[in-house]
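See below for the structure under consideration.
The values are calculated or read from the model by the stated rules, or taken from the named source; none is laboratory data. All values derive from a computational prediction rather than experimental measurement. Neighbour counts are summed over all protein chains in view; Cβ atoms, including those assigned to glycine, are modelled from backbone coordinates with ideal geometry. With ligands, DNA and RNA removed, areas are computed over all heavy atoms of the protein, side chains included. Shrake-Rupley method; radii C 1.70, N 1.55, O 1.52, S 1.80 Å.
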Amino acid sequence: MLREMTLIQGLSKAKRLSWFGPQNLVSYTYMKRLREHDDTRRVYDCDPYVEVYQFRGNLYGLFVPNCDGAGDVWQWLTIGPEKCLLVDTGFGLGDTKALVETLAPGKEIIVVNTHDHYDHAFGNCRFDRVYCHESLVPLVKEQNPHMWDYLWDKETKQNKWLEFDKADLPKFRPYELIGVPDGYTWDLGDGYEIELINSNGHGGAGAAMYLDKHNKILYPGDNICADISGCGSVSYPLEECSLYKYRECVRKLVNRMDEIDWVFPMHFMCDLENRILPAVLEALDAILEDPEHNYDYKIEQRHSTNGPLRVRYCKYIKGFSILCYSITDSATEPTPAAIAALTK
């Protein structure tokens, strides 16, 4: 009898060994069906680690195994008339740049980050230039040659989460990082625009979503996710807390729903209808009315045997998944992912 999550038989060269924890059952079922049976799935010789799925005529989902035990990651590639735009770079496992050049031959590549976390931005150095929200720049600039070291057990020298060739990770090199303001747009040719929307929430003050105005698709980073959407902390006053600022972003998105038909998160289920946005806003409104009581359940865990107890509060998003937050005494600044990796 099965008592734990079985491995999905995808096409990636990397093989999953273990997870931090099981995935949401609905999310897992969706991903198993997609990765084992979707008619568009392909793997290219130039990057055998990435499974490529075609969701629209000009939109490819690059599905990348997470190099640690967290959820695997989507990178989204939109091909415009003259240029293409890639949202996030993963851990950098495999030759992502060669893959993008194969899918969009001869087109200029624009690379953007939703936030600086390991599984979204550690592959930046595969490219010459990367854009992000201007507030994210100081966090991303902390990237360094040792930020992948935590993946390898100090005694066995093996990765206990994912089997892959260590040589296929990138060698860190400096690249041009350009910060842009909220509302900045890129033209992929013939007026095909993609807009950066500063979101806050998961990833902090510099987190961003991206809106493809032609396909009417929103890429929300990790602020909307089919397992748990970890959207930051509540501190007082509420107007200064991460969750409040994220709520303000979602409120604006709801007011722009005539521009958004679909939502493509960076993990698990995607191609969600835009009705997810009012549902997220409703959950955020309920939390912020009384953060200490308006939750459905708590998650209490320690990252190590003697580590501090971490409490996260969870609120159901109607018809979808979970919105997760913490309560702190005061506003906290995010630790750059590349620095956090050095202490793992």
Inside segment 190-230, can you point out the residues that are under 12 Å from the mean Cα position of the chain (by Cα), among the hydroxyl-bearing types (Ser, Thr, Tyr) and within 14 Å of residue 323 (Cβ to Cβ)?
229
For residue 131, all conditions in the list (1) assigned to a helix (DSSP H, G or I); (2) open to solvent by 30 Å² or more (accessible area, probe 1.4 Å); (3) in contact with a strand residue (DSSP E or B) (Cβ under 7 Å, 6 or more places away or on another chain) hold save one; what is the number of the exception?
(1)
Taking the stated definitions as given, is residue 280 among the β-branched types (Val, Ile, Thr), crowded, with 18+ Cβ neighbours inside 10 Å and within 23 Å of the chain's Cα centre (by Cα)?
yes
Which members of segment 6-20 meet the condition of being of a type in the set (Lys, Arg) and part of a loop (DSSP other than H, G, I, E, B)?
13
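Name the residue, out of 48, 105, that is open to solvent by 10 Å² or more (accessible area, probe 1.4 Å), without any contact (Cβ under 8 Å) to a residue 12 or more places away in the chain, more than 23 Å from residue 271 (Cβ to Cβ) and not polar (S, T, N, Q).
Numbers: 48 fails: without any contact (Cβ under 8 Å) to a residue 12 or more places away in the chain.
Answer to the selection: 105.
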Quick one: which residue in 160, 83, 97, 141 is at pLDDT below 95 and open to solvent by 10 Å² or more (accessible area, probe 1.4 Å)?
160
Residue 35 versus (1) surrounded by fewer than 19 Cβ atoms within 10 Å (Cβ to Cβ); (2) more than 21 Å from residue 269 (Cα to Cα): which is the lone unmet condition?
(2)
Out of segment 166-181, which residues are basic (Lys, Arg) and either within 13 Å of residue 144 (Cβ to Cβ) or assigned to a loop (DSSP other than H, G, I, E, B) (or both)?
171, 173
The one condition residue 179 fails out of (1) surrounded by fewer than 18 Cβ atoms within 10 Å (Cβ to Cβ); (2) closer than 14 Å to residue 253 by Cα; (3) touching a helix residue (DSSP H, G or I) at 6+ places or on another chain (Cβ under 6 Å) is (2)
Could you give every pair whose Cβ atoms fall below 8 Å, whose first residue belongs to segment 246-273 and is more than 14 Å from residue 224 (Cβ to Cβ), and whose second residue is part of a strand (DSSP E or B) and open to solvent by 40 Å² or more (accessible area, probe 1.4 Å), counting only separations of at least 6 or pairs across chains?
261/273
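For a quick check of your reading: which strands (runs of 3 or more DSSP E) sit entirely within segment 297-344 and have at least 1 residues that are in contact with a Leu (Cβ under 9 Å, 6 or more places away or on another chain) and at pLDDT below 90? Break it down stepwise before answering.
On the way: elements: 297-301, 310-316, 322-327.
Of the strands (runs of 3 or more DSSP E) lying wholly inside segment 297-344, those with at least 1 residues that are in contact with a Leu (Cβ under 9 Å, 6 or more places away or on another chain) and at pLDDT below 90 span 297-301.
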Can you pull out the residues in segment 63-83 that are under 16 Å from residue 127 (Cα atoms) and within 19 Å of the chain's Cα centre (by Cα)?
75, 76, 77
